[in-house]
1. Of the numbered conditions (1) outside any strand (DSSP E or B); (2) open to solvent by less than 30 Å² (accessible area, probe 1.4 Å); (3) over 29 Å from residue 313 (Cβ atoms), residue 204 satisfies every one except a single condition; which is it?
2. Tell me, which residue of the range 286-298 that is hydrophobic (A, V, I, L, M, F, W, C) and in a loop (DSSP other than H, G, I, E, B) is surrounded by the most Cβ atoms within 10 Å (Cβ to Cβ)?
3. Regarding residue 309, is this residue open to solvent by less than 20 Å² (accessible area, probe 1.4 Å) and under 30 Å from the mean Cα position of the chain (by Cα)?
4. Pairs please, first residue from the range 107-133 and free of Cβ contacts under 8 Å to residues at least 24 places away in the same chain, second anywhere and polar (S, T, N, Q), Cβ atoms under 9 Å, 6+ apart in sequence or on different chains.
5. If you check every pair at least six apart or on different chains, which have Cβ atoms under 7 Å apart with a residue in the range 329-352 that is more than 17 Å from residue 306 (Cα to Cα) first and a residue that is of a type outside the set (Asp, Glu) and at pLDDT below 85 second?
6. Taking the stated definitions as given, is residue 340 out of contact with any helix residue (DSSP H, G or I) (no Cβ under 6 Å at 6 or more places or on another chain), open to solvent by 60 Å² or more (accessible area, probe 1.4 Å) and part of a strand (DSSP E or B)?
7. Among the residues of the range 312-337, write down those that are more than 24 Å from residue 270 (Cα to Cα) and open to solvent by 80 Å² or more (accessible area, probe 1.4 Å).
8. Across the range 58-106, what is the number of residues that are more than 20 Å from residue 240 (Cα to Cα), at pLDDT below 90 and open to solvent by 30 Å² or more (accessible area, probe 1.4 Å)?
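The values are calculated or read from the model by the stated rules, or taken from the named source; none is laboratory data. Only a predicted model underlies this, so the values are computations on that prediction, with no experimental measurement involved. Note that we place each Cβ from the backbone using ideal geometry, even for glycine, and neighbour counts take in every protein chain shown. For the accessible areas, the whole protein counts, side chains as well, though only heavy atoms, and no ligand, DNA or RNA atoms are used. Shrake-Rupley method; radii C 1.70, N 1.55, O 1.52, S 1.80 Å.
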Amino acid sequence: MRAETELLIGGASDPQPGRRDGVAHSDPDEDVMDAYSRAVITAAEKVSPSVVYIEVQQPIRSRRGNAQRMPQETRGSGSGFIFTPDGFILTNSHVVHRARKIEVTVSDGHKYQADLIGDDMDTDLAVIRINAPNLVPAYLGESQKIRVGQLVVAIGNPYGFQYSVTAGVVSALGRSLRAQSGRLMDDVIQTDAALNPGNSGGPLVNSRGEVIGVNTAMILPAQGISFATSIDTAKFVASRLIRDGKVSRSYIGLAGQNVPLPRRIVRYYDLAVENGILVVSFEGDSPAKNAGLLEGDIIIGFDDHPTAGIDDLHKLLSENRIGHTSSLQVIRGTEKLRLEVIPQESQRGTSK
C-alpha cells in the first residue's frame, strides 16, 4: 500500500524529468532554440571567410594657426566583404572616402594593400580591391525576396582578429535614410540586429548565408534600430563603380527649399501635391537658369512626375536624363508654367 501511495504522489518511482512512461521526450522550446542557433551558426560560418577588416588613413583639415599642433592624418576602420574571386570588396563610402591608404585583413590573418575603385556618398557604398590568392566571395542574394520578420544575421570584423555576429529580424522594408551627401537613400532595410561602429560595411545575410544588404548605420539614441543598404542597390552601384569609378547622376543646378503651396493654387489647378520646391538660387550658368527658371518660382513637377520636395526631385534626376530634354512644371506667382530643361551630369553628390 505504501509503494502504491509513493507512485501516486510522485515518490521515488517518478520517471526522470523530461521522460514520460520511461520514454525520453524532447522539450519543444529547446528544439526551437536549437533550430534558431543552427540557422545563425550556418549563416555565419558560410559568409565569414568573405568578411574583411579595413584600416584606412584619411587626411584631416587643420585649423589655421594650429596646423603644427594637429595631426595631418587620422586613422579609421570598418568592415567589408569580398564579392568576386578576383578581389573586389564592398564596404561603406564613409569608411574609405578620401583615404590615402587602405589596408585589408582577410579571414586567415594576412594583410594586403587595397586600391579604391570608387565610392558613392549618395548610397554610402564603395568598392575596393586587393590582389590576393584563394579568396572566398560571398554569395549575393536578392533583396526583393526579403520579408518583414525573417531572420537576418549581421556580420562584421571590427577589430581585425575574429568576426563578430549579431542576429535579429527584418523590422521594416523600404525605409529612407539621409546619406552624408544630403541625398535620401531609398529601399533601406531596417533590422533589430545590433551593430557596432566597426561593423559598418559588413554583410547582412539571411539564414542561407546569402548577402541581402550592406550594414550602413545605427541610431545611437535608440535601442535595436539598425539599417542596411539593400543588396539590389549595392549590385547596381558596384557595377557602375567597377565600370566607371563613379555613379553618374544628372543635375539642373539650383538651390531650393521645401515650401507649402497656397490652398487656392492647389484647388484652382487641381494639383497632385500640396508642397513644392522654392527656387532660392542657381549655380552659375546652370541648366535650370538657362531653362528660364527664376528665383521665387516653385517647382511642382518634373517630366509629369509630381515633386512635393527636394527628395522627390533627387530621385528623378537619374543617369538616363543626362543630356535629354525634360520638362519642369512651375508655379510663378499665380501662373502655372511648363519649362524645358536639359539636365547635365552632376560633378558633386549634393547637386540638384
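1. (1)
2. Filtering the range 286-298 for residues hydrophobic (A, V, I, L, M, F, W, C) gives 288, 291, 293-294, 298.
Applying the additional criterion that residues be in a loop (DSSP other than H, G, I, E, B) yields 291, 293-294.
Values: 291: 20, 293: 23, 294: 13.
Within the range 286-298, the match that is surrounded by the most Cβ atoms within 10 Å (Cβ to Cβ) is 293.
3. Considered against the rule, which asks whether it is open to solvent by less than 20 Å² (accessible area, probe 1.4 Å) and under 30 Å from the mean Cα position of the chain (by Cα), residue 309 comes out as yes.
4. Here the result reads 108/134; 111/105; 112/105; 112/131; 113/131; 115/131, each pair linking the range 107-133 to a residue that is polar (S, T, N, Q).
5. From the range 329-352, the pairs are 349/181; 349/183; 350/181; 350/182.
6. yes
7. The answer is 320, 324, 325.
8. 18
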